[in-house]
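Accompanying notes for the structure given below.
Throughout, read-outs are computed from the coordinates displayed, never taken from laboratory work. A quick note: this is a predicted structure, and the numbers were derived from the prediction, not measured. Positions of Cβ are generated from backbone atoms using ideal geometry, with glycine treated the same way; all protein chains shown enter the neighbour counts.
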Amino acid sequence: MDTNKLISLHGGHSGQYCNHARDLLEDIIQKYIELGFTKIGITEHVPPVSDQFLYPDEKKLNLTTADLHKRFEDYFKNLKNLKKKYISKIIIFTGMETETYTGYVDHIKKLISKFKPNYIVGSVHHIDDICFDYSKEEYDRVVSMCGSYEAMYEKYFDLQYDMIKALKPFIVGHFDLIRIYDKDYKKRLLLPQINQKIQRNLTLVKSLNLVMDFNLRPLARGEKEPYITGSILKTVKKMGIRVVPGDDSHGVTEAGLHVDKAIEILKTAGFETQWPDPMLLT
Ligand SMILES: [Zn+2]
Ligand SMILES: [Zn+2]
């Protein structure tokens, strides 16, 4: 494996700045260096827009929106310092991962102008302001609120379309995350009414020259394939859309995990492995 090619442009969540992650950010960066990465994107979750969107683990700790905004300031300060500290060993791209709840467009734009990240990862974790990927229970709640799996998938891809248009994220995060707790996702993603929305979103991604996250978190959980699934990956290849691995790491042991496997899958599928450098496009 040519270590110059090892890359992740989505991940580096750390226990320092995220309650569902572990370890210190600096230890995670040192792990990437140890593994031979020469470029890495660090993309912590943004703080919530209001207390309504605190994650259950944050609520349990009685954290407030104000606390998390302060913590996010510390994150960028530390990340920019680490970028300088390790400059001779690794190029660190500073980033953040977005949300799509009510009020997100102004919220994210404010964060971008305040912290000036190198780029952002555009992700959808909420439908109708409920987070669907936090647990199976929450996912099922969103399914019943939407009326069916199909209706939920359609809502997800509509929200994603609006987000991509509004934020133009350099990396489109885990494009088919909506499948997370659905055993029948392969069939479902091919249904005409859902597939048509996927095609629409990919056409937008292509027209804005954005990059798809080849997200390895499912492999870390023991699942068979990354986000995006094989059928969408094929379409993405046909459309000439770029794809870059993202380990979506939430601790030292996950840093760089399965990136070699991802590169092999992408190579076999005929993708370019000269990775593009992130840019802020908003
Ligand atoms: Zn996370
Ligand atoms: Zn995410």
query: Which residue, THR94, THR65, THR43, has the most motion in a Gaussian network model of the chain that connects Cα atoms within less than 10 Å?
result: THR65
query: Between VAL205, ALA166, GLY103, whose Cα lies farthest towards the positive end of the dipole of the chain when Lys and Arg beta carbons carry +1 and Asp and Glu beta carbons carry -1, centred on the Cα centre?
result: VAL205
- request: Kindly rank 267-275, 160-168, 136-144 from highest to lowest mean number of other beta carbons found within 10 Å of each residue.
  value: 160-168, 136-144, 267-275
statement: Quick calc, the stretch 1-117, dipole around Cα centre from Cβ unit charges on Lys, Arg (+) and Asp, Glu (-), nearest 20 debye, gives 500
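Given charges of +1 on the Cβ of Lys and Arg and -1 on the Cβ of Asp and Glu, with all other atoms neutral, how large is the dipole of the chain about its Cα centre, in debye to the nearest 20?
Dipole magnitude for the chain comes out near 880 debye.
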- request: Note down the net charge around GLU97, summing +1 for each Lys or Arg and -1 for each Asp or Glu among other residues with Cβ under 10 Å from its Cβ.
  value: -4
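Can you classify the stretch 3-268 as rounded, prolate or oblate using the Cα gyration tensor, where a ≥ b ≥ c are the square roots of its eigenvalues, rounded means a/c under 1.5, and otherwise it's prolate if a/b beats b/c and oblate if not? It would help to have the intermediate numbers written out before the result.
Details: a/c = 1.58, a/b = 1.17, b/c = 1.35.
Oblate.
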message: Given points 7 Å out from each Cα along the Cα-Cβ axis, report the GLU138 to ASP184 separation in nanometres with one decimal.
response: 2.5
query: What shape does the stretch 164-263 have by the C-alpha gyration tensor, where a ≥ b ≥ c are the square roots of the eigenvalues, rounded means a/c under 1.5, and otherwise prolate means a/b greater than b/c and oblate the rest?
result: oblate
query: Helices from the chain with mean Kyte-Doolittle at least -0.5 and a Cα length along the axis of 20 Å or more, per DSSP H: which?
result: 149-167
- request: Would you calculate, for the chain, the mean residue ellipticity at 222 nm contributed by helices, counting each DSSP H stretch of 4 or more residues as -39,500 (n - 2.57) and dividing by all residues, to the nearest 500?
  value: -13500 deg cm²/dmol
task: Would you grab the residues whose amide H sits under 5 Å from the one on MET212? Only those 5+ places off in sequence or on another chain, please, with H modelled 1.01 Å from N.
output: VAL172, ARG242, VAL243, VAL244
- prompt: What whole number of Å gives the distance from the Cα centroid of the stretch 159-176 to the Cα centroid of the stretch 216-282?
  reply: 16
field: Distance between the stretch 92-117 and the stretch 9-72 - C-alpha centres, whole angstrom
entry: 14
